[in-house]
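The values are calculated or read from the model by the stated rules, or taken from the named source; none is laboratory data. If you're wondering where the values come from, they're calculated on a predicted model, not measured in any experiment. Every residue, glycine as well, gets a Cβ built from its backbone with ideal geometry; the counts of neighbours run over all protein chains shown.
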Amino acid sequence: MSIRFTAILLLLLTVAMSGACHSNPFYDPSKPHHRKDGFRNNYEEKGTRSFFELMSWKLSAWWDGVPKEPEGGYQPEVVTPDLVALNEHRGNPSVTWIGHATMLVQMGGLSILTDPHFTERASPSGSFGPKRRVPPALSLEQLPHIDAVVISHNHYDHLDRKTVERLAVQPGGAPMYFVPLGLKAWFAEQGIANVTEMDWWDLAEYRGLRVHFTPTQHWSARTRFDTMETLWGGWLLESPDFRFYFAGDTGYSRDFRDIHDRLGPVDLAALPIGAYEPRWFMKIMHIDPDEAVQIHHDLGARYSVGMHWGTFQLTDEPIDEPPRRLAEALARSGISPERFFVLRIGETRAMEPLLAQARPMPTPAR
């Protein structure tokens, strides 16, 4: 029996042993997404697959030899960030892809990180679990001072303990962490107190930034005992001249039409385009590129940027496939690739010139 297979089997057996039940201290019976023991999705209550389905996928993937490696190996395209420009940010909106779901967003005079992950593995262990294909585009020491961090949910590829701990002791003071309901206690355990905890549709204001926490269709778990005990979601950030939406991790649902209907269109949406195969297993919780294009429509986004691909091999599709699938989806929808673009790791896209030339977006597709 291979070491890889043994590790997978031990992991699955650990998951199977879960069964602890905890009460939800935030339970509000007037909110449909609240449960007495945690939270649920708005439109698809089943947020995770059963142990037996998980076992079936992992064993079939191992047997079939997936995920399939691209011929000749694959390394994501990386460029050296313009550190001077990033550190001399003068307020014009821009976005820089650091890797996976980590984006450096500069808007309203602030520097903001989404789901920051700067360590080698997306795992509770430094010895096993998904490993980075390339280092982050820049180190934590090279970042400009980070004013705010938004966390979409507590999965290990989106909430990295070592990263958030190091950001909390950055020179000049800790950022403000905006987190889903239930995660403030976890941050307190790490000695981090600069935390704003939010429920779906909550609004916070911070240094001229309006921060909305919005629903997505996903789930949460950090151990075998805490499935769906903390909330998950996306973030809509507003400054006077820019509206940015970060989806985190999500399956497709009507939630994105609801966001548009309640909060209006956005200038730029960061949407996941990877970690989608096999569809029979992933569809509820992870969108594919076609669904990302539909969300672009649903949000009324003037522009979108693809993320959540090319950094960690998490699922069965080849790691270099998502941009090709996105290009095909855009062609079928008649959308220019300039409207829904993919960045190289380390690349910065200045948004002011794009917004100046953008025509009004059509009515979102229904």
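For L314, work out the one condition from (1) under 21 Å from A137 (Cβ atoms); (2) of a type in the set (A, V, I, L, M); (3) at pLDDT 95 or above it doesn't fulfil.
If we test L314 against (1) under 21 Å from A137 (Cβ atoms); (2) of a type in the set (A, V, I, L, M); (3) at pLDDT 95 or above, just (3) comes out false.
Among L159, L167, which is the only one that is in a loop (DSSP other than H, G, I, E, B) and surrounded by 15 or more Cβ atoms within 10 Å (Cβ to Cβ)?
L159
Could you tell me whether the stretch 123-135 includes any residue that is surrounded by 20 or more Cβ atoms within 10 Å (Cβ to Cβ) and either over 27 Å from W201 (Cα atoms) or among the small types (G, A, S) (or both)?
no
Within the stretch 230-268, can you find the residues that are buried (at least 20 other Cβ atoms within 10 Å of the Cβ), of a type in the set (D, E, K, R) and either more than 17 Å from S304 (Cα to Cα) or touching a Ser or Thr at 6+ places or on another chain (Cβ under 9 Å) (or both)?
D249, D255
Please go through the stretch 269-302 and pick out each residue that is in contact with a helix residue (DSSP H, G or I) (Cβ under 6 Å, 6 or more places away or on another chain), surrounded by 20 or more Cβ atoms within 10 Å (Cβ to Cβ) and not in a loop (DSSP other than H, G, I, E, B).
Matches in the stretch 269-302: A269, L271, F281, P289, V293, I295, D298, L299.
Which of the residues belonging to the stretch 99-117 are over 25 Å from P240 (Cα atoms) and part of a strand (DSSP E or B)?
Scanning the stretch 99-117 gives a single hit, G99.
Could you list, in sequence order, all residues of the stretch 315-339 that are crowded, with 21+ Cβ neighbours inside 10 Å and closer than 24 Å to H153 by Cα?
Matches in the stretch 315-339: E317, I319, P322.
Out of the residues in the stretch 315-331 that are assigned to a helix (DSSP H, G or I) and over 18 Å from the mean Cα position of the chain (by Cα), state the one that is farthest from P76 (Cα to Cα).
That would be A331.
Listed here are the residues, each with its yes/no results for (1) modelled with pLDDT of 75 or more; (2) of a type in the set (S, T, N, Q).
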residue: F39; (1), (2): yes, no
residue: N42; (1), (2): yes, yes
residue: E71; (1), (2): no, no
residue: I98; (1), (2): yes, no
residue: V105; (1), (2): yes, no
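Are there any pairs, at least 6 apart or on different chains, whose C-beta atoms fall under 7 Å, with the first in the stretch 288-314 and under 17 Å from L104 (Cβ atoms) and the second of a type in the set (A, V, I, L, M, F, W, C) and in a helix (DSSP H, G or I), and if so, which?
Once the first residue is under 17 Å from L104 (Cβ atoms) and sits in the stretch 288-314, its partners that are of a type in the set (A, V, I, L, M, F, W, C) and in a helix (DSSP H, G or I) give Y303/L354; G306/A292; G306/L326.
To keep it simple, each residue is scored yes or no on (1) out of contact with any Ser or Thr (no Cβ under 8 Å at 6 or more places or on another chain); (2) hydroxyl-bearing (S, T, Y); (3) assigned to a helix (DSSP H, G or I); (4) modelled with pLDDT under 95.
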position	(1), (2), (3), (4)
G172	yes, no, no, no
G191	yes, no, no, no
V211	no, no, no, no
F225	no, no, no, yes
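For the stretch 118-151, how many residues are in a loop (DSSP other than H, G, I, E, B) and either closer than 20 Å to G172 by Cα or of a type in the set (S, T, Y) (or both)?
Total satisfying the criteria: 12.
Pairs only if they're at least six apart or on different chains, beta carbon under 7 angstrom, first in the stretch 328-339 and within 10 Å of V293 (Cβ to Cβ), second part of a loop (DSSP other than H, G, I, E, B) and at pLDDT 95 or above; list them, first residue then second.
L330/P337
Tell me, please, whether a residue that is assigned to a loop (DSSP other than H, G, I, E, B), aromatic (F, W, Y) and more than 16 Å from the chain's Cα centre (by Cα) can be found in the stretch 240-250.
No - not one qualifying residue is present in the stretch 240-250.
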